[in-house]
1. Assuming a ≥ b ≥ c are the square roots of the Cα gyration tensor eigenvalues, decide whether region 30-135 counts as rounded (a/c under 1.5), prolate (otherwise, with a/b larger than b/c) or oblate.
2. With +1 assigned to the C-beta of every Lys and Arg and -1 to the C-beta of every Asp and Glu, and no other charges, what is the dipole magnitude of region 1-66 about the Cα centre in debye, to the nearest 20?
3. Helix 2-17 versus the longest principal axis of the chain: what angle, 0 to 90°, nearest 10, using Cα atoms?
4. Once the dipole of the chain is set up with Lys and Arg at +1 and Asp and Glu at -1 on Cβ about the Cα centre, which of VAL125, MET13, ALA3 lies farthest towards its positive end?
5. Suppose every Lys and Arg Cβ carries +1 and every Asp and Glu Cβ carries -1, with no other charges. What dipole size does the chain come out with about its Cα centre, to the nearest 20 debye?
6. Say a site is exposed when it is one of the trypsin sites (Lys or Arg not before Pro), sits in a DSSP loop, and has at most 16 other Cβ atoms within 10 Å; what is then the longest site-free stretch of the chain?
7. If you fit an axis through the alpha-carbon atoms of helix 45-62 and take the longest principal axis of the Cα set of the chain, what angle between them do you get, 0 to 90°, nearest 10?
8. Please express the shape of region 7-62 as an equivalent ellipsoid: the semi-axes are the square roots of 5 times the eigenvalues of the C-alpha gyration tensor, given largest first in whole angstrom.
Amino acid sequence: MYAEVAGFYARQMRRLDEGDAEGWAATFTDDAVCRISTRPEPLRGRAALTEGARAATAAGAAAGEQRRHMTGMFDIEERPGGLLRVRANTIVYATDARGRSRVHQVCTCTDVLVRAAAPGRGLLVRDRRIDVDGA
């Protein structure tokens, strides 16, 4: 199960880092909720998640940076009904055009993952809480 979860996050974060907002949002359920400690209101549903991912990519580009998410330290708990509760830490690095990198954010994600109904879709995020350190 650990390898499946780690692979899910690797693919999900790569989509975000490569600017694939639609592909990233497709890793959530249709009715997913994403709460971020730096935002007053949660993102609800794939359309809002897609727009949020586009905005994050645009913010990095406006700052002249490429952002990369390094997610790990998975704490996986099986829940009734086949749900998984996963806590993971993420470090977001920002690299400028001269190749200088810095830590942009450090956060903890707490997710509820479900198995997709469609064959071959794997895991999906139903609920995500992102607690940004210092926020």
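1. prolate
2. 120 debye
3. 40 degrees
4. Of the listed residues, the answer is MET13.
5. 120 debye
6. 1-97
7. 20 degrees
8. They are 16, 15, 10 Å, listed from largest to smallest.
The values are calculated or read from the model by the stated rules, or taken from the named source; none is laboratory data. The model shown is predicted, which means the values in this text are computed figures rather than measured ones. Backbone-built Cβ (ideal geometry, glycine too); neighbour counts: all protein chains shown. When the accessible area is computed, the model is the full protein with side chains, heavy atoms only, and any ligands, DNA or RNA have been set aside. Shrake-Rupley method; radii C 1.70, N 1.55, O 1.52, S 1.80 Å.
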